Amino acid sequence: MTVLNPHQFFDLSREDPQSLTHFRTTLADGQLFRYVEGDRESANTLIERHFAGYFRKEAATAVANGTVGLRLALSALGIGPGDRVLVSAYSFIACAMAVSAVGAVPVPLDMDTVLTPDTAALESPDGPVAAVLIVHVQGHAVPAGRLRELCDRLGVPLIEDVCQALGAASADGRAGELADVAVTSFQQSKQISSGEGGLVAGGAELVERVYRMADLGAVRHDGGLPDWDDERALVGDNLRMTELQASLVMDQALTLEQTLARQRDRRIRLREQLGADIPVLDSSHPEGDAASHTLFVARSAGDAAEFCTGLAARGVLARVVWKKTYPEHGLFRRVLSSEAHPRPEKAEALAPRILSVPTSKYLTDAAVSRVAEAVVALRHHLVQER
């Protein structure tokens with residue numbers, strides 16, 4: 001069944017081919033590997049320069065996907081076996097999995113207000129902390145100012161997972177801006193999409209290490225052939241982004257502000273038609289949201305399932321963002337002791353009830369109205385006061 005509001009925020013079939021200048025150039029010269037020959041500057045280089053500036057970092061490097069970006073960033077920071085990394089409990093399992101992949105222990109940060117991590121574990125740590133990883137959810141930015149202060153006090157790095165919230169901002173600034181390391185994704189359902197792909201932004205030395213780790217550990221002099229005799233070479237992996245992916249990313253990066261403006265307009269129209277009686281789950285700074293999704297809270301997990309099923313019957317997509325926190329997955333129950341992951345009770349209670357309705361730039365006025373009508377018809381499944 002075709003839905004009115006698909007979760008793809010970039011649909012190549014719906015774009016003007018003439019606007020995709022970098023993509024067309026890459027197709028025309030046939031060089032799909034990130035290291036291009038001739039005078040053309042690599043699209044990988046272009047997006048790295050662009051997003052280093054966007055996140056206000058010294059440097060950035062493109063990688064295969066966002067999960068890889070998190071893992072490489074942790075490794076480059078020196079996070080390893082036995083280190084405790086505080087991770088937003090309300091997050092995709094890949095965030096904690098990246099921590100476990102380097103041998104470290106993910107420790108859940110519960111919610112304070114909905115979508116905002118509780119800082120108690122940083123105010124009064126009950127054990128050593130090696131790093132903090134906060135996760136921005138579905139276009140809603142976490143205010144990172146206080147977290148930044150606490151990380152500075154403890155002398156530990158702050159990592160921001162911006163995979164779902166590229167372009168979003170809180171009152172403290174743009175998502176990823178205050179972090180030591182910002183990681184984003186270009187997977188199909190992300191704000192900028194090339195099917196897969198990701199990027200790590202941070203200090204020049206750290207990013208150079210991530211770059212080498214993703215490029216088989218080699219040192220490249222002036223972008224030339226790989227050199228494994230250089231003393232800076234290390235054991236790495238092949239985790240590069242292709243040139244075709246990077247060219248798609250660059251074309252979308254240049255129009256990101258227009259995309260955000262369109263999405264914000266779509267969400268404003270939807271909220272107006274929903275009326276004040278149907279509360280939307282807001283971030284602490286709604287005007288800064290990327291507006292890629294509109295969030296609601298269901299009365300119960302059962303109501304959440306019925307809401308999604310009911311909307312689907314009307315051609316509208318709604319999903320529970322994450323049905324459980326990462327410590328609740330069987331994988332982490334098996335590999336983590338109860339001491340390592342104190343229960344994030346607030347996040348556990350809310351996770352199966354938080355609903356997401358995509359509101360992409362492709363929504364027409366007619367589609368917005370039909371989405372609103374469907375939500376209103378099923379309002380009895382939603383919490384009525386926030």
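Among the residues that make up region 7-17, is at least one of them over 30 Å from Ser369 (Cβ atoms), open to solvent by less than 60 Å² (accessible area, probe 1.4 Å) and under 15 Å from the mean Cα position of the chain (by Cα)?
No, region 7-17 has no match at all.
What about Val132, is it touching a Phe, Trp or Tyr at 6+ places or on another chain (Cβ under 8 Å) and either open to solvent by less than 10 Å² (accessible area, probe 1.4 Å) or small (Gly, Ala, Ser) (or both)?
Here the answer is no, as Val132 does not meet what is asked.
Can you pull out the residues in region 107-127 that are in a strand (DSSP E or B) and surrounded by fewer than 19 Cβ atoms within 10 Å (Cβ to Cβ)?
Those that are in a strand (DSSP E or B) and surrounded by fewer than 19 Cβ atoms within 10 Å (Cβ to Cβ): none in region 107-127.
So which residues in region 221-238 are part of a loop (DSSP other than H, G, I, E, B) and of a type outside the set (Phe, Trp, Tyr), if there are any at all?
First, pick out the residues of region 221-238 that are part of a loop (DSSP other than H, G, I, E, B): 224-225, 228-237.
Matches in region 221-238: Gly224, Leu225, Asp229, Asp230, Glu231, Arg232, Ala233, Leu234, Val235, Gly236, Asp237.
Scan region 248-304 for residues that are of a type in the set (A, V, I, L, M), surrounded by 23 or more Cβ atoms within 10 Å (Cβ to Cβ) and in contact with a Ser or Thr (Cβ under 7 Å, 6 or more places away or on another chain) and jot them down.
Passing the criteria: Leu248, Val249, Ala291.
Would you confirm whether or not region 99-106 contains a residue that is within 20 Å of the chain's Cα centre (by Cα), in contact (Cβ under 8 Å) with a residue 40 or more places away in the chain and open to solvent by 10 Å² or more (accessible area, probe 1.4 Å)?
yes
Can you find, within region 63-83, the residue that is least open to solvent (accessible area, probe 1.4 Å) among those that are farther than 24 Å from Ala175 by Cβ and at pLDDT 95 or above?
The qualifying residue least open to solvent (accessible area, probe 1.4 Å) is Gly80.
Scan region 93-106 for residues that are touching a helix residue (DSSP H, G or I) at 6+ places or on another chain (Cβ under 8 Å) and outside any helix (DSSP H, G or I) and jot them down.
Hits for region 93-106 are Val102, Ala104, Val105, Pro106.
Considering Gly198, Gly236, Gly202, which residue is modelled with pLDDT of 95 or more and touching a helix residue (DSSP H, G or I) at 6+ places or on another chain (Cβ under 6 Å)?
Only one candidate qualifies: Gly198.
Among the residues of region 40-62, are any open to solvent by 40 Å² or more (accessible area, probe 1.4 Å), out of contact with any Leu (no Cβ under 6 Å at 6 or more places or on another chain) and within 22 Å of Ser189 (Cβ to Cβ)?
yes
Tell me, which residue of region 205-222 that is open to solvent by 50 Å² or more (accessible area, probe 1.4 Å) and not charged (D, E, K, R) is farthest from Ala98 (Cα to Cα)?
In this case the residue turns out to be His221.
Since Ala349 meets every condition but one in (1) exposed (fewer than 15 other Cβ atoms within 10 Å of the Cβ); (2) more than 24 Å from the chain's Cα centre (by Cα), which condition does it not meet?
Result: Ala349 passes all but (2).
The values are calculated or read from the model by the stated rules, or taken from the named source; none is laboratory data. In this text the structure is predicted, and so the values were computed from the model without any measurement. Don't worry about glycine lacking a Cβ; one is built from the backbone with ideal geometry, like all the others, and counts go over all protein chains shown. What goes into the accessible areas is simple: the full protein's heavy atoms, side chains included, and nothing from ligands, DNA or RNA. Shrake-Rupley method; radii C 1.70, N 1.55, O 1.52, S 1.80 Å.
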